[in-house]
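This report refers to the structure that appears directly beneath it.
The values are calculated or read from the model by the stated rules, or taken from the named source; none is laboratory data. Just so you know, these numbers come straight off a predicted model, no measurement behind them. Using ideal geometry, Cβ is built from the backbone for each residue, glycine included, and neighbour counts are taken over all protein chains shown. All accessible areas refer to the heavy atoms of the entire protein, side chains included, with ligands and DNA or RNA removed. Shrake-Rupley method; radii C 1.70, N 1.55, O 1.52, S 1.80 Å.
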Amino acid sequence: MIPHYYQHFCPVKILSGHNAVSNIPFEMDILGCRRAMVVTDKGVVDAGLINLVREAFADSDKEIGYVFDEVLPDSSNRLVNKLAKLFEKEKCDCFLAVGGGSALDTAKGANIVISEGTDDILLLQGNEIIKKELLPMIAVPTTSGTGSEVTKVAVIYNEEKNIKMAFASDRLYPRVAVLDSRMTMTVPPKLTAATGMDALTHAMEAYTCMQKNPIDDVFARAAIELIRKYLVRAVENGKDEEARLGMANASLLAGIAFSNSMVGMVHALAHACGGVCHVPHGIANAILLPHGLEFNIQSIPRPIAELSGMLGGSIEFMEEKEQAMVTVSLVKNLLGRLNRISGLPVRLRDAGVAEDKLPAIASAAINDGALAFNPVEVSYDEALEVLKKAY
Amino acid sequence: MGDVLKRTVNLIRSLHGFPAFQSKVKHMLCSTALSFLGPAFEVVGRHVPEFRKEIESWEEGRRFALRVLPKGPAITLEKSGDMIRYLGKGLKSPHITLSFKNYDSALPVLMGIAGSHQAFAENRILVEGDLAKTMEINRVVNIVNAYLLPGIATKKVLKRAPKMTLRDYINKGKVYAGLVPAVVRHLI
Ligand SMILES: [Fe+2]
């Protein structure tokens, strides 16, 4: 199926390997940079990952200007402004974000503040509003899931107004993404499972949403096949270098797919679960993915049926809808397996959601931007119904 | 015969002033469609309870605008009491602006040939402002479309065409009857 119109863009250079971090100073040279501002969180520092980065710099003529390790799970405007000031004080010329989505979001936010010359970025919210060229940014993900090393969005919490500000711009893409198996080696099994399911959700939603297109289908398909091969392995044995690098690649591929063709109702519901009940993003996606796919079968059985083959299911000349149900049950099987080996919850009730919060989650979900790209319209009642099934 | 027609069309299109003329026509079409869409929010709001329910939770004074880039027409609307008021043509300090990239992106949506959800998905609309509020606006646009467009078009334009009851059809009739006077009122 060729969409009426679509766009695809990914200007990120990708380095992938067991020692890929060593090449960061060389990449800075190509970018014309000399002094990097490392943006990270305390957990990453405690896991010894910044030491690996320091070692890479020791062999080069490039410098780390400052290590900003104050990133919190949610990036905020206060943090972004603080980082921007430090960046200028320390005379840095590029960002090196080492961490999950929020380290990248914080670096992106500070980058906007510096380039646009304002400490109030509220007015720059929206799509393609940022007009100034941003400073180069290098992204080193330390979990395999968000795919934010190849996305053009940043979400930053506004503390005064109590709202989440969303920015999307082609200028927000990092210049380089560095996938190094050592950087995800210390992620515990349950988090490995949850983030891996986030990546699977990105790939499956990209493959089944309204902007599904031939280019992103390729990325989504490759991601799903890697996840099928490596997710359980990485959860069972965190020291499995090949599985870790495989999952890092899967997460990046899924990131390219969904940042172009977008996601759908599973993400809308997961964002709402996060907002209302603080359910971690990967866990919410994992629980809701089979239910979201099942809901969408009514309008797009074909692409959902095709997913079963990528997950290793056989195609037995069934009706499209039956084959699509095979996909749903394969995803459920995977969840069951991850639950047994890592304790990943498979129901909302086991993920800290109180039943009386479901209506609030449903109303937040229908206002989530991701829902605009779902192939089926989802009303409040239908969202509530899906949540009840997942409960 | 077909050949002659094709050649004539090509000849017209190669005339010096044709692209500029075509662009003027597109501008006029967009502008006219927006002149209907603006007042339609007021009229649909008056007759359709579902619309009023949808905007119940909006903060008073929320202003949003629809426009066509780079220099096309624009309209601004505002939540006021239990309705959405049409403030007229142009950008009047909106909180949220939905901008079509160009006339070609805007026309199918404004003419009721393609849906706003499709335009969002295809990157034909750029959003300035709060995304969650944009989703609420999109839902209201869909309700307006459902009452403004003939049934056959809503099937194509909306992800899910609403099941209209007899009451809804009566309301649709009222919307049609009220629309032209509302447009005229805003013109004078
Ligand atoms: Fe996600």
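Quick check: anything in the stretch A:72-85 within 20 Å of A:GLU133 (Cβ to Cβ) and not in a helix (DSSP H, G or I)? Write out each step before concluding.
Step one: list which residues in the stretch A:72-85 are within 20 Å of A:GLU133 (Cβ to Cβ), which gives A:80, A:83-84.
Those still in the list that are not in a helix (DSSP H, G or I) too: none.
Within the stretch A:72-85, none of the residues are within 20 Å of A:GLU133 (Cβ to Cβ) and not in a helix (DSSP H, G or I).
Is it true that some residue in the stretch B:81-94 is among the charged types (D, E, K, R) and buried (at least 20 other Cβ atoms within 10 Å of the Cβ)?
Start the filter on the stretch B:81-94 by keeping residues that are among the charged types (D, E, K, R), which leaves B:82, B:85, B:89, B:92.
If we keep only those that are buried (at least 20 other Cβ atoms within 10 Å of the Cβ) as well, we get none.
Within the stretch B:81-94, none of the residues are among the charged types (D, E, K, R) and buried (at least 20 other Cβ atoms within 10 Å of the Cβ).
I'd like the full set of residues that are surrounded by fewer than 18 Cβ atoms within 10 Å (Cβ to Cβ) and either within 14 Å of chain B (Cβ to nearest Cβ) or of a type in the set (Gly, Ala, Ser) (or both), limited to the stretch A:378-391.
Selection gives A:SER379, A:TYR380, A:ASP381, A:GLU382.
What's the number of the condition A:MET137 fails, among (1) under 22 Å from A:LEU72 (Cα atoms); (2) within 16 Å of the ligand (Cβ to nearest atom)?
(2)
From the list A:LEU311, A:LEU288, exactly one residue is crowded, with 21+ Cβ neighbours inside 10 Å, out of contact with any strand residue (DSSP E or B) (no Cβ under 9 Å at 6 or more places or on another chain) and aliphatic (A, V, I, L, M). Which is it? Talk me through it step by step, then tell me what you get.
Numbers: A:LEU311 fails: crowded, with 21+ Cβ neighbours inside 10 Å.
Exactly one of A:LEU311, A:LEU288 is crowded, with 21+ Cβ neighbours inside 10 Å, out of contact with any strand residue (DSSP E or B) (no Cβ under 9 Å at 6 or more places or on another chain) and aliphatic (A, V, I, L, M), namely A:LEU288.
Only one of (1) away from the ligand (no atom under 16 Å from the Cβ); (2) touching a residue at least 60 places away in the same chain (Cβ under 8 Å); (3) away from every other protein chain (no Cβ under 14 Å); (4) crowded, with 24+ Cβ neighbours inside 10 Å is not met by A:ARG175, so which one is it?
(4) is the only condition that A:ARG175 fails.
Can you find, within the stretch A:37-62, the residue that is surrounded by the most Cβ atoms within 10 Å (Cβ to Cβ) among those that are out of contact with any Asp or Glu (no Cβ under 7 Å at 6 or more places or on another chain) and under 19 Å from A:LYS85 (Cβ atoms)?
Checking each candidate, the answer is A:VAL39.
Quick check on the stretch A:314-372: of everything there that is of a type in the set (Ser, Thr, Tyr) and farther than 24 Å from A:LYS190 by Cβ, which residue is least open to solvent (accessible area, probe 1.4 Å)?
Residues of the stretch A:314-372 that are of a type in the set (Ser, Thr, Tyr), as a first pass: A:314, A:327, A:329, A:342, A:363.
Imposing the further condition that a residue be farther than 24 Å from A:LYS190 by Cβ reduces the set to A:314, A:327, A:363.
Numbers: A:SER314: 63, A:THR327: 0, A:SER363: 53 Å².
So, considering only residues that are of a type in the set (Ser, Thr, Tyr) and farther than 24 Å from A:LYS190 by Cβ, the one least open to solvent (accessible area, probe 1.4 Å) is A:THR327.
For the list (1) over 17 Å from the mean Cα position of the chain (by Cα); (2) under 23 Å from B:SER99 (Cα atoms), I need the number of the one condition that B:SER31 fails.
Single failed check for B:SER31: (1).
For A:THR192, only one of the following conditions fails: (1) in contact with a Ser or Thr (Cβ under 8 Å, 6 or more places away or on another chain); (2) more than 19 Å from A:ASP240 (Cα to Cα). What is its number?
(2)
Give me the residue from the stretch A:194-253 that is away from chain B (no Cβ under 14 Å) and among the polar types (S, T, N, Q) and, out of that set, nearest to the ligand (Cβ to nearest atom).
Ranking the candidates gives A:THR201 first.
Out of everything in the stretch B:101-119 that is under 30 Å from A:TYR157 (Cβ atoms) and open to solvent by less than 30 Å² (accessible area, probe 1.4 Å), what residue ends up being nearest to the other protein chains (Cβ to nearest Cβ)?
Start the filter on the stretch B:101-119 by keeping residues that are under 30 Å from A:TYR157 (Cβ atoms), which leaves B:101, B:116-117, B:119.
Now narrow it down to the ones that are open to solvent by less than 30 Å² (accessible area, probe 1.4 Å): B:116-117, B:119.
Details: B:SER116: 9, B:HIS117: 6, B:ALA119: 10 Å.
Top of the filtered list is B:HIS117.
Determine, yes or no, whether A:ALA177 is modelled with pLDDT of 90 or more, within 20 Å of the chain's Cα centre (by Cα) and within 18 Å of A:ILE50 (Cα to Cα). Show your work before the answer.
Details: modelled with pLDDT of 90 or more: yes; within 20 Å of the chain's Cα centre (by Cα): yes; within 18 Å of A:ILE50 (Cα to Cα): yes.
Taking the combined requirement at face value, the residue satisfies it.
Please state which of the following conditions A:ILE283 fails to meet, knowing it meets all the rest: (1) modelled with pLDDT of 95 or more; (2) more than 16 Å from the ligand (Cβ to nearest atom); (3) assigned to a helix (DSSP H, G or I); (4) open to solvent by 10 Å² or more (accessible area, probe 1.4 Å).
Of (1) modelled with pLDDT of 95 or more; (2) more than 16 Å from the ligand (Cβ to nearest atom); (3) assigned to a helix (DSSP H, G or I); (4) open to solvent by 10 Å² or more (accessible area, probe 1.4 Å), only one is false for A:ILE283: (2).
Every residue in the stretch A:301-318 that is touching a residue at least 12 places away in the same chain (Cβ under 8 Å) and of a type in the set (Asp, Glu), please.
Once the filter is applied, which keeps residues that are touching a residue at least 12 places away in the same chain (Cβ under 8 Å) and of a type in the set (Asp, Glu), the stretch A:301-318 yields only A:GLU306.
Go through (1) touching a Leu at 6+ places or on another chain (Cβ under 7 Å); (2) within 14 Å of chain A (Cβ to nearest Cβ) and name the single condition B:ILE84 misses.
Every listed condition holds for B:ILE84 apart from (2).
Is one or more of the residues making up the stretch A:295-307 on the phi < 0 side of the Ramachandran plot, open to solvent by 10 Å² or more (accessible area, probe 1.4 Å), modelled with pLDDT of 95 or more and basic (Lys, Arg)?
no
Step by step: first the residues of the stretch A:197-239, then only those that are open to solvent by less than 30 Å² (accessible area, probe 1.4 Å) and outside any helix (DSSP H, G or I), then the one that is nearest to A:LEU289 (Cα to Cα). Which residue is that?
Here the answer is A:CYS209.
Could you count how many residues in the stretch A:54-70 are touching a Leu at 6+ places or on another chain (Cβ under 7 Å) and of a type in the set (A, V, I, L, M, F, W, C)? Write out each step before concluding.
So in the stretch A:54-70, the residues touching a Leu at 6+ places or on another chain (Cβ under 7 Å) come out as A:66, A:68, A:70.
Still in the running and of a type in the set (A, V, I, L, M, F, W, C): A:68.
Result for the stretch A:54-70: 1.
Among the residues of the stretch A:1-30, what is the count of those that are surrounded by 15 or more Cβ atoms within 10 Å (Cβ to Cβ), aliphatic (A, V, I, L, M) and within 26 Å of A:ALA257 (Cβ to Cβ)?
Qualifying residue count, the stretch A:1-30: 6.
May I ask you to list the residues in the stretch A:261-277 that are surrounded by fewer than 24 Cβ atoms within 10 Å (Cβ to Cβ) and in contact (Cβ under 8 Å) with a residue 60 or more places away in the chain?
Here is the first cut: in the stretch A:261-277, the residues surrounded by fewer than 24 Cβ atoms within 10 Å (Cβ to Cβ) are A:274-277.
Hits for the stretch A:261-277 are A:GLY275, A:VAL276, A:CYS277.
Taking the stretch A:143-168 as the search range and keeping residues that are polar (S, T, N, Q) and within 16 Å of the ligand (Cβ to nearest atom), which one is nearest to the other protein chains (Cβ to nearest Cβ)? Show your work before the answer.
To start, the set of residues in the stretch A:143-168 that are polar (S, T, N, Q) comprises A:143-144, A:146, A:148, A:151, A:158, A:162.
So of that shortlist, the ones also within 16 Å of the ligand (Cβ to nearest atom) come out as A:143-144, A:146, A:148, A:151.
Values: A:THR143: 25, A:SER144: 27, A:THR146: 18, A:SER148: 17, A:THR151: 15 Å.
Checked the stretch A:143-168; the qualifying residue nearest to the other protein chains (Cβ to nearest Cβ) is A:THR151.
Name the single residue, out of those in the stretch B:142-163 being more than 23 Å from A:ASN296 (Cα to Cα) and without any contact (Cβ under 8 Å) to a residue 40 or more places away in the chain, that is nearest to the other protein chains (Cβ to nearest Cβ).
B:ASN145
Please determine, by comparing only the residues of the stretch A:254-267 that are within 11 Å of the ligand (Cβ to nearest atom) and part of a helix (DSSP H, G or I), which one is nearest to the chain's Cα centre (by Cα).
Ranking the qualifying residues of the stretch A:254-267, first place goes to A:GLY255.
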